[in-house]
1. List the residues, sorted by chain then number, that are 5 or more residues from Trp76 or on another chain and whose placed amide H is less than 5 Å from its amide H.
2. Working from the pairwise distances between different alpha carbons, so that the mean of 1/r is found and then inverted, what is the chain's Kirkwood radius in Å?
3. Which entries in the list Lys237/Lys340; Lys27/Lys82; Lys150/Lys181; Lys200/Lys242 go over 31 Å, if you measure between the two C-alpha atoms of each?
4. Would you mind telling me the share, in percent, of accessible area of the chain contributed by carbon and sulfur at probe 1.4 angstrom?
5. Over the chain, what is the percentage of antiparallel beta bridges among all DSSP beta bridges, to the nearest 5?
6. Can you work out ³J(HN,Hα) from phi for every residue in segment 88-95, in order, using Karplus 6.51 cos²θ - 1.76 cosθ + 1.60 and θ = phi - 60°, giving whole Hz and x for Gly and Pro?
7. Using each residue's phi in segment 352-369, evaluate 6.51 cos²θ - 1.76 cosθ + 1.60 at θ = phi - 60° and report the 3J(HN,Hα) Karplus result to the nearest Hz, with x for Gly and Pro.
8. Which length gain, in nm to one decimal place, applies between His136 and Glu166 when the Cα-Cα distance is subtracted from 0.36 nm times their residue separation?
Amino acid sequence: MFDYIIVGAGFAGSIIAERIANELNKKVLIIEKRNHIGGNCYDERVENILVHKYGPHLFHTNFKEVWNYLSNFTRWDVYHHKVLAFIDGKKAPIPFNFNTLYEIFPNELAKKLEQKLLQNYKYNSKIPILELKNSHDEDLKFLADFIYEKIFLNYTAKQWGMKPEEIDSAVTARVPVFIGKDDRYFNDTYQGLPKEGYTKLFHNMLNHPNIKIMLNTDFKEIMKVNFQTHKLYFFNKEFNGKLIYTGMIDELFDYKFGELPYRSVDMRFETIEKEYFQENATINYPNDYDFTRITEFKHIHPANSDKTVILKEYPQKYVKNENTPYYPIFTKENQERYNKYLEYKQSFENIILVGRLAEYKYYDMDDIVKRAIDISVELLNENI
Ligand code: UDP
(Lines give C-alpha, C1' and ligand atoms only; values in the text may rest on other atoms or scores of the structure.)
Protein backbone atom coordinates (compact mmCIF):
# COMPACT_ATOMS: atom_id res chain seq x y z
CA MET A 1 0.00 0.00 0.00
CA PHE A 2 2.81 2.40 0.95
CA ASP A 3 6.22 2.59 -0.68
CA TYR A 4 7.71 4.57 2.19
CA ILE A 5 6.87 4.82 5.86
CA ILE A 6 8.18 7.80 7.80
CA VAL A 7 8.24 7.99 11.57
CA GLY A 8 7.97 11.57 12.80
CA ALA A 9 6.40 14.69 11.23
CA GLY A 10 9.12 17.23 12.06
CA PHE A 11 11.30 18.88 9.43
CA ALA A 12 13.22 15.68 8.61
CA GLY A 13 10.17 13.48 8.07
CA SER A 14 7.97 16.10 6.43
CA ILE A 15 10.54 17.23 3.85
CA ILE A 16 11.35 13.68 2.80
CA ALA A 17 7.61 12.93 2.54
CA GLU A 18 7.06 16.00 0.37
CA ARG A 19 9.95 15.11 -1.93
CA ILE A 20 8.80 11.49 -2.31
CA ALA A 21 5.21 12.54 -2.99
CA ASN A 22 6.02 15.25 -5.50
CA GLU A 23 9.20 14.07 -7.20
CA LEU A 24 8.79 10.29 -7.11
CA ASN A 25 5.01 10.26 -7.19
CA LYS A 26 5.04 7.42 -4.64
CA LYS A 27 2.79 6.87 -1.66
CA VAL A 28 4.03 7.69 1.78
CA LEU A 29 2.66 7.26 5.29
CA ILE A 30 3.82 9.45 8.16
CA ILE A 31 3.34 8.04 11.65
CA GLU A 32 3.43 10.70 14.37
CA LYS A 33 3.21 10.14 18.12
CA ARG A 34 1.95 13.64 18.91
CA ASN A 35 -1.45 15.07 18.02
CA HIS A 36 0.03 17.51 15.51
CA ILE A 37 2.54 17.87 12.68
CA GLY A 38 5.64 20.11 12.74
CA GLY A 39 7.69 18.40 15.45
CA ASN A 40 9.30 20.86 17.83
CA CYS A 41 8.67 23.74 15.39
CA TYR A 42 4.94 23.49 16.09
CA ASP A 43 3.35 26.87 16.85
CA GLU A 44 -0.20 27.93 17.67
CA ARG A 45 -2.06 31.10 18.65
CA VAL A 46 -2.56 31.92 22.32
CA GLU A 47 -4.35 35.24 23.04
CA ASN A 48 -3.92 35.95 19.32
CA ILE A 49 -0.13 35.67 19.69
CA LEU A 50 1.78 33.04 17.73
CA VAL A 51 3.57 30.93 20.33
CA HIS A 52 6.30 28.33 19.71
CA LYS A 53 5.09 25.47 21.90
CA TYR A 54 8.48 23.75 22.15
CA GLY A 55 10.63 26.81 22.71
CA PRO A 56 11.81 29.65 20.46
CA HIS A 57 12.61 28.60 16.88
CA LEU A 58 14.34 31.37 14.95
CA PHE A 59 15.11 30.49 11.39
CA HIS A 60 18.56 31.39 10.07
CA THR A 61 20.75 29.88 7.37
CA ASN A 62 23.63 30.48 5.02
CA PHE A 63 22.34 27.78 2.65
CA LYS A 64 20.59 29.54 -0.23
CA GLU A 65 19.21 26.15 -1.31
CA VAL A 66 17.53 25.66 2.08
CA TRP A 67 16.00 29.15 2.09
CA ASN A 68 14.72 28.73 -1.48
CA TYR A 69 13.30 25.30 -0.78
CA LEU A 70 11.31 26.45 2.27
CA SER A 71 10.14 29.51 0.35
CA ASN A 72 7.99 27.12 -1.72
CA PHE A 73 5.79 26.68 1.35
CA THR A 74 5.83 30.05 3.07
CA ARG A 75 6.47 33.74 2.74
CA TRP A 76 8.76 35.27 5.35
CA ASP A 77 8.79 38.08 7.86
CA VAL A 78 12.27 39.55 8.22
CA TYR A 79 13.47 38.81 11.76
CA HIS A 80 16.90 39.10 13.37
CA HIS A 81 16.98 37.57 16.84
CA LYS A 82 18.59 39.51 19.67
CA VAL A 83 19.31 38.19 23.14
CA LEU A 84 20.19 40.04 26.32
CA ALA A 85 21.87 38.38 29.28
CA PHE A 86 21.12 39.46 32.83
CA ILE A 87 24.60 40.00 34.30
CA ASP A 88 25.24 41.68 37.66
CA GLY A 89 21.87 43.39 37.55
CA LYS A 90 22.36 44.74 34.01
CA LYS A 91 20.96 43.50 30.73
CA ALA A 92 23.67 43.30 28.06
CA PRO A 93 23.70 41.81 24.55
CA ILE A 94 25.01 38.32 23.83
CA PRO A 95 26.90 36.88 22.01
CA PHE A 96 29.38 38.93 24.04
CA ASN A 97 30.58 41.73 21.73
CA PHE A 98 31.95 45.29 21.96
CA ASN A 99 28.53 46.66 22.95
CA THR A 100 28.48 44.20 25.87
CA LEU A 101 31.94 45.35 26.94
CA TYR A 102 30.80 48.98 27.23
CA GLU A 103 27.53 48.00 28.90
CA ILE A 104 29.23 45.98 31.64
CA PHE A 105 32.60 47.62 32.32
CA PRO A 106 33.65 51.19 33.15
CA ASN A 107 34.49 53.08 29.96
CA GLU A 108 38.29 53.11 30.38
CA LEU A 109 38.47 49.39 31.09
CA ALA A 110 36.12 48.58 28.21
CA LYS A 111 38.30 50.63 25.84
CA LYS A 112 41.47 48.83 26.99
CA LEU A 113 39.87 45.40 26.56
CA GLU A 114 38.47 46.33 23.16
CA GLN A 115 41.96 47.35 21.98
CA LYS A 116 43.48 44.15 23.32
CA LEU A 117 40.88 42.09 21.47
CA LEU A 118 41.55 44.00 18.26
CA GLN A 119 45.31 43.50 18.59
CA ASN A 120 44.87 39.76 18.97
CA TYR A 121 41.92 38.85 16.78
CA LYS A 122 40.50 39.83 13.41
CA TYR A 123 37.62 42.31 13.37
CA ASN A 124 34.26 40.55 12.96
CA SER A 125 35.68 37.16 13.93
CA LYS A 126 34.15 34.72 16.41
CA ILE A 127 36.15 33.24 19.28
CA PRO A 128 34.76 30.32 21.31
CA ILE A 129 34.95 31.09 25.03
CA LEU A 130 37.03 27.97 25.75
CA GLU A 131 39.59 29.22 23.23
CA LEU A 132 39.68 32.76 24.67
CA LYS A 133 40.27 31.21 28.07
CA ASN A 134 43.63 29.86 26.85
CA SER A 135 44.87 33.38 26.25
CA HIS A 136 48.24 34.27 27.84
CA ASP A 137 47.61 38.00 27.85
CA GLU A 138 46.69 39.12 31.35
CA ASP A 139 43.85 41.42 30.30
CA LEU A 140 42.34 38.92 27.90
CA LYS A 141 42.59 36.20 30.52
CA PHE A 142 40.70 38.49 32.93
CA LEU A 143 38.02 39.10 30.30
CA ALA A 144 37.75 35.40 29.38
CA ASP A 145 37.38 34.37 33.01
CA PHE A 146 34.72 37.03 33.53
CA ILE A 147 32.69 35.91 30.49
CA TYR A 148 33.15 32.25 31.38
CA GLU A 149 31.92 32.76 34.91
CA LYS A 150 29.15 35.26 34.30
CA ILE A 151 27.70 33.87 31.06
CA PHE A 152 28.71 30.25 30.51
CA LEU A 153 29.42 28.40 33.74
CA ASN A 154 26.07 28.55 35.49
CA TYR A 155 23.93 28.62 32.35
CA THR A 156 25.64 25.43 31.15
CA ALA A 157 25.21 23.86 34.59
CA LYS A 158 21.47 24.55 34.37
CA GLN A 159 21.14 23.56 30.72
CA TRP A 160 23.28 20.41 30.69
CA GLY A 161 24.05 19.59 34.32
CA MET A 162 27.73 19.90 33.36
CA LYS A 163 30.64 22.32 33.15
CA PRO A 164 31.39 23.91 29.76
CA GLU A 165 34.61 21.88 29.41
CA GLU A 166 32.79 18.59 30.12
CA ILE A 167 30.56 18.88 27.08
CA ASP A 168 31.60 18.85 23.41
CA SER A 169 33.28 22.19 22.69
CA ALA A 170 30.98 22.76 19.71
CA VAL A 171 28.11 23.38 22.15
CA THR A 172 29.47 26.54 23.81
CA ALA A 173 31.08 27.57 20.50
CA ARG A 174 27.51 28.14 19.25
CA VAL A 175 27.57 31.39 21.25
CA PRO A 176 31.10 32.72 20.63
CA VAL A 177 32.67 35.98 21.75
CA PHE A 178 32.22 38.35 18.82
CA ILE A 179 35.06 40.71 17.92
CA GLY A 180 32.87 43.53 16.64
CA LYS A 181 29.63 45.41 17.17
CA ASP A 182 27.07 43.07 15.58
CA ASP A 183 24.87 42.08 18.47
CA ARG A 184 22.47 39.82 16.62
CA TYR A 185 22.31 36.25 17.92
CA PHE A 186 22.97 34.89 14.40
CA ASN A 187 24.88 36.43 11.50
CA ASP A 188 23.52 34.25 8.68
CA THR A 189 22.65 35.70 5.28
CA TYR A 190 19.04 34.51 5.38
CA GLN A 191 17.03 35.11 8.54
CA GLY A 192 13.29 35.23 9.02
CA LEU A 193 10.13 33.65 10.33
CA PRO A 194 7.37 31.95 8.35
CA LYS A 195 4.75 34.68 7.89
CA GLU A 196 1.87 32.54 9.09
CA GLY A 197 3.94 30.35 11.39
CA TYR A 198 5.71 27.01 11.14
CA THR A 199 2.58 24.88 11.51
CA LYS A 200 1.11 26.49 8.38
CA LEU A 201 4.39 25.90 6.54
CA PHE A 202 4.20 22.19 7.42
CA HIS A 203 0.55 22.03 6.33
CA ASN A 204 1.47 23.48 2.97
CA MET A 205 4.36 21.03 2.66
CA LEU A 206 2.30 17.94 3.49
CA ASN A 207 -0.87 18.81 1.63
CA HIS A 208 -0.60 16.17 -1.12
CA PRO A 209 -2.79 13.19 -2.10
CA ASN A 210 0.23 10.84 -1.91
CA ILE A 211 0.85 11.70 1.75
CA LYS A 212 -1.20 10.12 4.56
CA ILE A 213 -0.61 11.08 8.17
CA MET A 214 -1.47 9.07 11.27
CA LEU A 215 -1.37 11.30 14.36
CA ASN A 216 -1.54 10.09 17.98
CA THR A 217 0.22 6.88 16.97
CA ASP A 218 3.30 5.34 18.47
CA PHE A 219 4.95 3.56 15.53
CA LYS A 220 5.49 0.45 17.68
CA GLU A 221 1.70 0.02 17.79
CA ILE A 222 1.62 -0.74 14.08
CA MET A 223 5.17 -1.65 13.10
CA LYS A 224 7.47 -4.39 14.33
CA VAL A 225 11.19 -4.80 13.87
CA ASN A 226 12.25 -8.44 13.85
CA PHE A 227 15.71 -8.61 15.40
CA GLN A 228 16.36 -12.17 14.17
CA THR A 229 15.41 -11.84 10.52
CA HIS A 230 16.05 -8.08 10.32
CA LYS A 231 12.72 -7.63 8.58
CA LEU A 232 10.07 -4.98 9.18
CA TYR A 233 6.36 -5.60 9.64
CA PHE A 234 3.51 -3.16 9.10
CA PHE A 235 0.20 -4.31 10.64
CA ASN A 236 1.75 -7.80 10.83
CA LYS A 237 2.53 -7.91 7.10
CA GLU A 238 6.11 -7.84 5.88
CA PHE A 239 7.03 -4.32 4.77
CA ASN A 240 9.49 -4.21 1.91
CA GLY A 241 9.52 -0.49 1.32
CA LYS A 242 11.83 1.96 3.07
CA LEU A 243 11.45 3.09 6.66
CA ILE A 244 12.62 6.64 7.31
CA TYR A 245 12.96 6.92 11.06
CA THR A 246 13.38 10.25 12.84
CA GLY A 247 12.72 9.15 16.44
CA MET A 248 15.14 7.99 19.14
CA ILE A 249 17.49 5.33 17.82
CA ASP A 250 17.71 3.52 21.18
CA GLU A 251 13.93 3.15 21.25
CA LEU A 252 13.88 1.77 17.69
CA PHE A 253 16.23 -1.02 18.71
CA ASP A 254 14.56 -1.76 22.07
CA TYR A 255 17.41 -0.21 24.08
CA LYS A 256 19.66 -3.13 23.05
CA PHE A 257 22.84 -1.23 23.98
CA GLY A 258 21.29 0.73 26.85
CA GLU A 259 19.58 4.10 26.97
CA LEU A 260 21.11 7.13 25.29
CA PRO A 261 20.86 10.17 27.57
CA TYR A 262 19.03 13.28 26.44
CA ARG A 263 18.32 16.63 28.03
CA SER A 264 14.76 17.76 28.46
CA VAL A 265 13.20 21.14 29.23
CA ASP A 266 10.11 21.95 31.24
CA MET A 267 8.50 24.70 29.14
CA ARG A 268 6.37 26.91 31.40
CA PHE A 269 4.16 29.42 29.59
CA GLU A 270 2.49 32.35 31.30
CA THR A 271 -0.10 34.79 30.00
CA ILE A 272 0.45 38.22 31.49
CA GLU A 273 -2.15 40.98 31.70
CA LYS A 274 -0.06 43.74 30.21
CA GLU A 275 1.03 44.74 26.74
CA TYR A 276 4.70 43.83 27.10
CA PHE A 277 6.66 41.96 29.77
CA GLN A 278 10.29 42.63 28.77
CA GLU A 279 12.25 44.79 26.35
CA ASN A 280 13.17 42.18 23.78
CA ALA A 281 12.47 38.66 22.55
CA THR A 282 14.79 36.62 24.79
CA ILE A 283 16.57 37.41 28.03
CA ASN A 284 19.00 34.84 29.38
CA TYR A 285 19.52 34.42 33.12
CA PRO A 286 22.84 32.60 33.44
CA ASN A 287 23.22 33.10 37.19
CA ASP A 288 19.84 34.04 38.62
CA TYR A 289 16.70 31.88 39.00
CA ASP A 290 16.30 28.23 38.00
CA PHE A 291 15.19 28.87 34.43
CA THR A 292 17.75 29.59 31.70
CA ARG A 293 15.83 32.17 29.71
CA ILE A 294 12.55 34.00 29.22
CA THR A 295 11.15 34.47 25.73
CA GLU A 296 8.30 36.85 24.94
CA PHE A 297 6.62 35.85 21.69
CA LYS A 298 5.11 39.23 20.82
CA HIS A 299 8.62 40.43 19.98
CA ILE A 300 9.01 37.53 17.57
CA HIS A 301 5.59 37.70 15.91
CA PRO A 302 4.09 41.17 16.50
CA ALA A 303 0.41 40.86 17.46
CA ASN A 304 -2.53 42.99 18.45
CA SER A 305 -3.30 42.02 22.00
CA ASP A 306 -3.40 43.78 25.34
CA LYS A 307 -1.96 40.61 26.89
CA THR A 308 1.41 38.98 26.36
CA VAL A 309 2.70 35.39 26.51
CA ILE A 310 6.08 34.47 27.93
CA LEU A 311 7.99 31.20 28.26
CA LYS A 312 10.38 30.26 31.04
CA GLU A 313 12.63 27.27 30.24
CA TYR A 314 13.62 24.93 33.07
CA PRO A 315 16.10 22.33 31.80
CA GLN A 316 15.83 18.88 33.36
CA LYS A 317 16.97 15.30 32.99
CA TYR A 318 15.15 13.30 30.34
CA VAL A 319 13.19 10.42 31.84
CA LYS A 320 11.69 7.81 29.50
CA ASN A 321 7.90 8.16 29.07
CA GLU A 322 7.81 11.17 31.39
CA ASN A 323 9.11 14.15 29.44
CA THR A 324 10.42 15.09 26.00
CA PRO A 325 13.95 14.44 24.73
CA TYR A 326 15.09 17.76 23.22
CA TYR A 327 18.88 17.64 23.14
CA PRO A 328 21.31 14.74 22.67
CA ILE A 329 24.05 15.03 25.30
CA PHE A 330 27.30 15.31 23.52
CA THR A 331 30.00 13.43 25.43
CA LYS A 332 32.53 10.87 24.24
CA GLU A 333 30.89 8.05 26.17
CA ASN A 334 27.43 8.77 24.72
CA GLN A 335 28.84 9.04 21.22
CA GLU A 336 30.41 5.60 21.59
CA ARG A 337 27.08 4.12 22.67
CA TYR A 338 25.40 5.79 19.71
CA ASN A 339 28.01 4.32 17.36
CA LYS A 340 27.05 0.82 18.53
CA TYR A 341 23.46 1.49 17.50
CA LEU A 342 24.59 2.92 14.20
CA GLU A 343 26.71 -0.12 13.45
CA TYR A 344 23.80 -2.42 14.32
CA LYS A 345 21.53 -0.44 12.02
CA GLN A 346 23.80 -1.28 9.05
CA SER A 347 22.41 -4.82 9.09
CA PHE A 348 18.95 -3.47 8.19
CA GLU A 349 18.78 -2.75 4.50
CA ASN A 350 15.68 -0.63 4.47
CA ILE A 351 16.06 1.77 7.40
CA ILE A 352 17.22 5.37 6.99
CA LEU A 353 17.99 7.43 10.09
CA VAL A 354 17.60 11.18 10.02
CA GLY A 355 17.20 13.96 12.57
CA ARG A 356 18.35 15.13 16.00
CA LEU A 357 17.13 12.03 17.80
CA ALA A 358 17.86 9.35 15.20
CA GLU A 359 21.36 10.67 14.48
CA TYR A 360 22.04 11.87 18.03
CA LYS A 361 23.21 15.26 16.71
CA TYR A 362 22.58 18.85 17.80
CA TYR A 363 21.17 19.83 14.39
CA ASP A 364 19.87 23.34 13.85
CA MET A 365 16.72 23.71 11.76
CA ASP A 366 18.57 24.63 8.59
CA ASP A 367 21.04 21.75 8.99
CA ILE A 368 18.22 19.27 9.18
CA VAL A 369 16.42 20.80 6.20
CA LYS A 370 19.67 20.47 4.22
CA ARG A 371 20.17 16.88 5.38
CA ALA A 372 16.58 15.94 4.48
CA ILE A 373 16.95 17.48 1.01
CA ASP A 374 20.22 15.57 0.48
CA ILE A 375 18.66 12.25 1.57
CA SER A 376 15.72 12.90 -0.74
CA VAL A 377 18.11 13.37 -3.66
CA GLU A 378 19.66 9.97 -2.85
CA LEU A 379 16.18 8.41 -2.80
CA LEU A 380 15.35 10.02 -6.14
CA ASN A 381 18.59 8.73 -7.67
CA GLU A 382 17.84 5.18 -6.46
CA ASN A 383 14.61 5.34 -8.41
CA ILE A 384 16.05 6.48 -11.73
N1 UDP B 1 25.28 29.27 26.65
C2 UDP B 1 25.62 29.80 27.87
N3 UDP B 1 25.10 31.00 28.26
C4 UDP B 1 24.23 31.70 27.48
C5 UDP B 1 23.89 31.19 26.22
C6 UDP B 1 24.42 29.97 25.84
O7 UDP B 1 26.37 29.17 28.62
O8 UDP B 1 23.78 32.79 27.90
C9 UDP B 1 25.87 27.97 26.25
C10 UDP B 1 25.06 26.82 26.86
O11 UDP B 1 25.93 25.74 27.12
C12 UDP B 1 24.10 26.49 25.72
C13 UDP B 1 25.00 26.67 24.49
O14 UDP B 1 25.83 27.80 24.85
O15 UDP B 1 23.59 25.19 25.81
C16 UDP B 1 24.30 26.90 23.19
O17 UDP B 1 23.37 27.96 23.33
P18 UDP B 1 22.14 28.16 22.31
O19 UDP B 1 21.49 29.46 22.64
O20 UDP B 1 22.63 27.96 20.92
O21 UDP B 1 21.18 26.95 22.73
P22 UDP B 1 19.72 26.51 22.19
O23 UDP B 1 18.99 27.76 21.76
O24 UDP B 1 19.95 25.51 21.09
O25 UDP B 1 19.11 25.89 23.42
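1. Amide H neighbours of Trp76: Lys195.
2. Numbers: mean 1/r = 0.0442 Å⁻¹.
Evaluated on the chain, it is 22.6 Å.
3. Details: Lys237/Lys340 28 Å; Lys27/Lys82 42 Å; Lys150/Lys181 20 Å; Lys200/Lys242 27 Å.
In this structure, Lys27/Lys82 lie more than 31 Å apart at Cα.
4. Numbers: 8230 of 18010 Å².
Roughly 46 percent of what the probe reaches on the chain is carbon or sulfur.
5. Values: 41 of 59 bridges.
If we restrict to bridges inside the chain, about 70 percent are antiparallel.
6. 6, x, 10, 9, 10, x, 10, x
7. Running phi through 6.51 cos²θ - 1.76 cosθ + 1.60 with θ = phi - 60° gives 10, 9, 8, x, 3, 7, 6, 9, 6, 9, 7, 6, 7, 4, 5, 5, 6, 5 Hz.
8. On the way: separation 30, 0.36 × 30 = 10.80 nm, distance 2.21 nm.
Length gained, His136 through Glu166: 8.6 nm.
The values are calculated or read from the model by the stated rules, or taken from the named source; none is laboratory data. Because the structure is a prediction, the values reported are computed rather than measured. Cβ: placed from backbone, ideal geometry, glycine included. Neighbour counts: every protein chain shown. Side chains are part of the model used for accessible areas, which takes the heavy atoms of the whole protein and leaves out ligands, DNA and RNA. Shrake-Rupley method; radii C 1.70, N 1.55, O 1.52, S 1.80 Å.
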